[in-house]
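Working notes for the structure below.
All of the numbers you see were taken from the coordinates with simple rules; none came from a lab. What you see is a predicted model, and the numbers here were worked out from it, not measured in a lab. Positions of Cβ are backbone-derived with ideal geometry, glycine not excepted, and every protein chain shown enters the neighbour counts.
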């Protein structure tokens, strides 16, 4: 086996170990789950793989399935700082998504309460607070429009950061100029 092959096998083994550990799996747990994919492995087999034993392709595919990752993650591991940063960002995005889900549920609940309030108080929509309630109840897509607007603003700001310009300046060369036909 060449030195390149040995280094690659050790790097793949370290990647598998890092992902397995992050998921809270022991080597024996991984070995047991591989049986579901028809791969016979023991805790010792996993230890050898993680130490750099060459992998069969079927083992690599089964391990990636058990660890819920792509084969590329074995070949292109992130260094520890990048890995931690990516993990923190992923968790932040997942938390923000959960918060949005809770906020949408709360919004829906409040819409139902507002609708019941308006039904129980027929003249309420003559009052300014009642008119606002009526607006929200009559426009259930209001929340979606608010979310879409916020996403558009974020995407525009992100575009400006990535391209170091605003989207209108960037798009100007691609937009057909208005032609004034009044002189023709």
Subject >> Share of alpha-carbon pairs per 10 Å distance bin for region 3-75, given as whole % >> reply: 22, 62, 16, 1
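When only Cα pairs under 8 Å and 6 or more residues apart are kept, what is the percent relative contact order across region 3-75?
Values: 78 pairs, mean separation 30.9, N = 73.
Reported relative contact order: 42 percent.
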Original post:
Taking the simple approach of a point 7 Å from Cα along Cα-to-Cβ for both residue 91 and residue 108, what is their distance in nm?
Top reply: 2.8 nm
Subject >> Alpha-carbon Rg with Dmax, taken over region 1-141, Å >> reply: 26.5, 85
**OP:** Give the calculated FRET efficiency between residue 21 and residue 153 to the nearest 0.05, with a Förster radius of 25 Å applied to their Cβ-Cβ distance.
**Re:** 0.05
